[in-house]
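FYI, it's all coordinate maths here, none of it is from the lab. The structure displayed is predicted, hence computed values, not measured ones. Counting neighbours? That spans all protein chains shown, and the Cβs are built from the backbone with ideal geometry, glycine included.
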Amino acid sequence: MSENIIYCYSGSGHCLNMAKSIASRLGDTDIVLMRAFPEKTDAREAKRVGFVFPCYGGGLPGHVEEYVRAIQIAPGAYKFAVEQFAGYMGCGLHKIDEIVGLDYWNLISNHSTCIWLMPHGLCFPPTSKEEAQARIDRKAMEVAAAVKAFERSAKKPPEKKLFAVEDRFFSQLHPKRTKKFTVSDACIGCGTCARICPRGNITLQDKKPRFGTDCIGCLSCLQFCPKEAINMGKVTEKRERFPNPHVKALDLTQKIIHIE
Ligand SMILES: Cc1cc2nc3c(=O)[nH]c(=O)nc-3n(C[C@H](O)[C@H](O)[C@H](O)COP(=O)(O)O)c2cc1C
């Protein structure tokens, strides 16, 4: 059993990149992916248990809340969380705090990956992709130092009640939005989209992706398609993709990544 466990959800790789960066500074860490039900829910032997995740629609992505509720943590363990967001933080940190009782939390604004709604350049304060990555690296260093030293946050994460309402409404949008997925002639039938979909919602028929309705809106398929052949409505045809440059599609399909 590793000394530390970081539970991570990531749609386009930025949170996974950050979790890896924190883990490499802590050493001896298992990163457990939460894109599907986590492979390991018994974290009772870990000294430190962390959560790294993005804000989705004012709340937690996909089924993360349900997954966090299933995790068992030892009473004396140190618990921390880091949230990425583009323009506003939502209520995700508060929800995690309510479930596990956080000792330490932190936040960082990154570019938006919800490109059917906002262009990715939306970031607070606005910045280039390179600077956004440098900011993630600096924040990961700050978090790792605090977590190593078992630092405690002075305040609890804010509740943001309005965003809890948005969160409920936002998660109901995705099944309807799946009708908007299109696949262009650029598709080479490589199957990356089907392998990466956290819900198993994409199947290949005649070497072309077909979308079901069990979608959580992560856009991993669209962001990691090597030919940019997948779109959600007309708007994404014009918008630049923004997967994390240090994360490969295959990394997101792992269940546990161990960092020495
Ligand atoms: C479906 C979806 C919803 C999002 N909703 C919000 C939001 O409500 N507020 C916000 O500031 N950023 C929002 N974002 C932006 C992400 O929080 C941000 O881009 C994050 O860095 C993505 O991390 P990841 O690459 O690990 O998935 C959203 C992104 C997606 C894909």
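Things to note:
- FRET efficiency, 1/(1 + (r/R0)^6) with R0 35 Å, evaluated for Met1 and Thr213 via beta carbons: 0.35
- Between the amide H of Cys8 and those of Val32, Leu33, Met34, Val52, distances stay under 5 Å, these residues lying 5 or more places away or on another chain, with hydrogens modeled in the peptide plane.
- Where only C-alpha atoms are counted, convex hull volume of region 174-233 per residue in Å³: 68
- Among the listed pairs Lys179/Lys238; Lys95/Lys179; Lys40/Lys208; Lys47/Lys139; Lys180/Lys207; Lys79/Lys161, those with a Cα-Cα distance over 25 Å are Lys95/Lys179; Lys40/Lys208.
- Alpha-carbon Rg/Rh ratio, for region 1-83, with Rh computed the Kirkwood way: 0.93
- Across region 174-233, Cα pairs under 8 Å and at least six residues apart give a relative contact order of 47 percent.
- Here the spin labels are modelled as points 7 Å beyond Cα on the Cα-Cβ line, and at Ser128 and Glu66 they lie 4.3 nm apart.
- Isolated Cys in the chain, by beta carbon distance under 4.7 Å: Cys8, Cys15, Cys55, Cys91, Cys114, Cys123, Cys187, Cys190, Cys197, Cys215, Cys218, Cys225
- Computed from backbone phi, the HN-Hα couplings of region 94-110 come to 4, 4, 5, 4, 4, 7, 10, x, 7, 8, 8, 9, 8, 9, 8, 8, 10 Hz, rounded to whole numbers (Karplus: 6.51 cos²θ - 1.76 cosθ + 1.60, θ = phi - 60°; Gly and Pro given as x).
- Around Ala70: net Lys/Arg minus Asp/Glu count, Cβ-Cβ under 11 Å: -1
- Across the alpha-carbon atoms of the chain, the computed radius of gyration and Dmax are 17.7, 56 angstrom.
- Computed over the alpha-carbon atoms, region 45-96 gives an Rg to Rh ratio of 1.00, Rh here being the Kirkwood radius from the mean inverse distance.
- Spin-label zone in region 160-182 - amide nitrogen under 11 Å from a point set 7 Å from the Cα of Leu117 along the C-beta vector: 166-174
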